[in-house]
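Notes follow once the structure below has been shown.
Rule-based calculations on the coordinates, nothing more; no lab input. Because the structure is predicted, anything quoted here is derived from the model rather than measured. We place every Cβ from the backbone using ideal geometry, glycine too, and count neighbours over all the protein chains shown.
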Amino acid sequence: MKLTDSMLLRVNLSTHTVSEEPIDEKLIRQYLGGRGLGSKYFADEVDPMVDPLSPENKLIFACGLMTGSSAPTAGRYMVITKSPLTGTIACSNSGGVWGAVLRKTGYSMIIVEGKSDKPIYLLVYDNNVEFKDASRVWGKKTGETTDILLDEVGEKRARVACIGPAGENLSMIGCIINDKHRAPGRSGVGAVMGSKNLKAIVVKGSNTIDFKDKSAFTGAVKEKIDKIKQHPVTGEGLPALGTKVLDNIINQGGLYPTRNFQFATFDGTEEISGEALVKKGYLKKNTACFACPIGCARDVELPNGITMEGPEYETGWAFGAHCGVNDLHAICEANFLCNELGLDTISAGVTIGTAMELYEKGYIPKEDLEDGPELKFGNSESIVYWTNKMGRNEGRLGKLMAKGSWRMSEAYGHPELSMTVKKQELPAYDPRGVQGHGLQYATSNRGGCHVRGYMISPEVLGVPEKLDPQELKGKPQWVVIFQDLTAVIDSAGLCLFTSFALGLEDYTDLINASAGFELTPEEVLRIGTRIWNLERKFNLSAGVDPSQDTLPKRMFEPLPDGPQKGAVHQLSKLLPEYYELRGWSPDGLIPEKTLQELGLT
C-alpha cells in the first residue's frame, strides 16, 4: 500500500453499512493527513452548528501522513469531531500503537456517521469491517473492555480504542483510551463516541507501507533519529524522567499553577516530581510508543498493586499542585482511574481543583458533597473519590463535574473561577509567567491547550533559542510559527516532542521523502497556515466568536508569589499584532482575500 494510494473507510452506524473511498493526492499535498486532512473532510461534510451529541455530528479517526512507518514517533493519530465541551472543532491526538495498526489495515482514515440503535464495536482488519455486539462490555472500564475484546477477536496483535463509563454517560470531558494507557484526551471526544453507541474500534492489519523512494526515506529517517537521540531534551531529559522532568523546572520558573491558579509556586513539588517517582520505587521502566526513539512513557507499579502508565507532567500537576496535593500515590491512583473510566486527566484534575476553591469560599454547600470527603486544597482522599464520582456521573456534584469546570462553576454562580479558554481547562503553565504561551492559549482553535504551539520550548527551555518569557516584542510571530508548525507535525503523524530536536527543514525532508513531493520548507509551513485557518473558519461559523480569544480574569491580576511576582498577562498588547500577522481583520475575522490565498473559499 502506497501513501499516495491512501483509502478512507466510511462507516454509517445507523444503517450498519460501510464504503471505501480513495483519497485524492491533491488533498494530501494540501493537508498531508491526520489533523489537516481529517479536519478538511470534517469541515466539508458537517454543519458547523450541529449539536455535538446528535447523530448528525461525525467522528473521524485519521492517521498522519507517516503513521505506521519507520519515521521517528510515527504512531500518532487524530480524532476529529465537534466538541461538546467547547463547541469548537475538536482534534485530539494520541500515541501508542493503535494508530499504526489502523494504518496497516489499509485505511488512513475512518469517518463514523450516524448512531447505532444498540451498543456495538467495530472490527477493522485488512480492508474488512464487521459490526459486533458490544452489550457485554457496555458499562465496563476500558482495561477490562480491552481484555475482553482482544480475547473475543483472538488476535494478540490486534489493538483496541474504546470508551469507558464517562464516554457512555456523555461526560463533556470524556475521552477515548487506546492500548489501555494512551488517549485522544481532550475536548470530550469520548462523549461523541458514546452518543453514537460505539464502544470500541478494534484494529488488526498486516499491510506494509511503501514509499516512492524507499532509499531516500530510509536515509532521512536515520538522520532525524540521530538528531533526536543527540539532543539533550529528547536524548536525555525525556528518556530519564519522562515529561515529569518539567515539574521542578516550571516550579522554579514561577509559573507552576497552584490551588486553581491562585499561586504560581508549590512547596510540595519535590514530593510529586519525576525524581520522586524514581525515589519512591514506583517507576519500573520507561517505555515508548510505536517507532519512538525517545521513550518518555513510564511503567509504574504502586504499593497496592495497581500497574499503569504515567502520570504525565500535566496529569501530575492537575491532581497535584493545582489541587494543593503532594501525595504522589493518590495522584497516580487518580490518573489510573481516569484511564479506566475514560476521563481527560487535565480537565478532571482542574475541575476538582476548581471545586475546591468553590467549596472553600462557600459557593458549594456541604450538603452537595453528600457522603464524600470535603473538597479542601491538599486533601488527597478527595482527588481519588471525586474522580470516581465524576467518571461515573454520580450524585449532583459528580454530574456537574462531568460537564467540566466552567459549567460546574456557572451552576454555582461563579464561572470566573473556572480556569478555561473557550470552556476547556488550562494546562500546567501560568500564562502570567510566559507571555507567548498565554497568547497561544487565548488563540487556540480548540480552547485551553498547550500542544497547539508549545511556546514553553523557547520561553523556558531555550529551544530553539532562549526567549525572555516576559518580553512582548516578536512573541506574536513566534506563536504563529509554532502554531502552524504544530499543525504540520500533527498532520504528518509525528509526535510534537520531536520539535525539540527537529526543525522545519527536517520535517520537510521527511514529508518529501515519504510522499514523493518536492515541497519547500515555506510551502510546508503554508500547509500549517491553511490548516489553522480552516479550523478558525469552522469555529467562526459555529458561533465561536473572537471575543473568546481571551484568558480567565485571574490572568490579568498580578501573580502573588514566586520569581515573577506581580506579573500579569499582556494579552491586549499582543492580540492585535497576532491578528495582523494572521491576515485577519482587527476584530479577528478572516477576510475573503486570506481565504482565497489559502484555497479555503
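Of the cross-linked pairs Lys141/Lys222; Lys361/Lys553; Lys26/Lys473, those separated by over 29 Å at the C-alpha level are Lys141/Lys222; Lys26/Lys473. Treating each Cα of the range 1-120 as one equal point scatterer and applying the Debye formula with no solvent, the log10 of I(q)/I(0) at q = 0.12, 0.19 Å⁻¹ comes out as -0.42, -1.03.
Output the antiparallel fraction of DSSP beta bridges having both residues in the chain, as a percent to the nearest 5.
Values: 44 of 56 bridges.
Taking every DSSP beta bridge within the chain, about 80 percent pair in antiparallel fashion.
Relative contact order of the range 3-204, taken over Cα pairs closer than 8 Å and 6 or more residues apart, is 22 percent.
Using the empirical formula 2.2 N^0.38 Å as the baseline, the Cα radius of gyration of the chain reaches a ratio of 0.89. Only beta bridges with both residues in the range 3-204 are counted; by DSSP, about 75 percent of them are antiparallel. Pairs of Cα atoms in the range 254-424 fall into 5 Å distance bins, from 0 up to the last occupied one, in shares of 1, 9, 18, 22, 20, 14, 9, 5, 2, 0, 0 percent. Size descriptor for the range 3-204, Kirkwood hydrodynamic radius: 16.3 Å (Cα pairs only, one decimal).
Below 8 Å between Cα atoms, with a sequence gap of 6+, how large is the relative contact order for the range 310-397 in percent?
Numbers: 117 pairs, mean separation 30.2, N = 88.
34 percent.
Highest mean packing first, where packing is the average number of other Cβ atoms within 10 Å per residue, the peptides 83-93, 552-562, 315-325 line up as 315-325, 83-93, 552-562. Over the range 408-502, the hull volume per residue, using the convex hull of the C-alpha atoms, is 100 Å³.
Once you reduce the range 1-54 and the range 82-149 to the center of their Cα atoms, the two points are 15 Å from each other.
Run through the range 51-158 and list the GluC sites (Glu not before Pro) located in a DSSP loop whose Cβ has at most 16 other Cβ atoms within 10 Å. Spell out each step's value before the answer.
Numbers: sites: Glu56, Glu113, Glu130, Glu144, Glu152, Glu155; in loops: Glu56, Glu155.
Here the GluC sites (Glu not before Pro) that fit, given the DSSP loop and packing criteria, are Glu56, Glu155.
For the range 98-229, the square roots a ≥ b ≥ c of the C-alpha gyration tensor eigenvalues yield an a/c of 1.5 or more together with a/b exceeding b/c, which makes the shape prolate. Restricting the range 453-536 to trypsin sites (Lys or Arg not before Pro) that sit in a DSSP loop and have at most 13 other Cβ atoms within 10 Å of their own Cβ leaves Lys466, Lys473.
Which of the three applies to the range 169-317, rounded, prolate or oblate, going by the alpha-carbon gyration tensor with a ≥ b ≥ c and a/c under 1.5 meaning rounded?
Numbers: a/c = 1.87, a/b = 1.18, b/c = 1.58.
Note, shape of the range 169-317 comes out oblate.
Given the pairs Lys214/Lys244; Lys40/Lys224; Lys82/Lys196; Lys156/Lys280; Lys132/Lys399; Lys227/Lys280, which are separated by over 25 angstrom at their Cα positions? Check vs 25 Å cut-off fails for Lys214/Lys244; Lys40/Lys224; Lys156/Lys280; Lys132/Lys399; Lys227/Lys280.
For the range 441-530, GluC sites (Glu not before Pro) are listed when DSSP marks them as loop and at most 15 other Cβ atoms sit within 10 Å of their Cβ; the list is Glu465, Glu471, Glu518.
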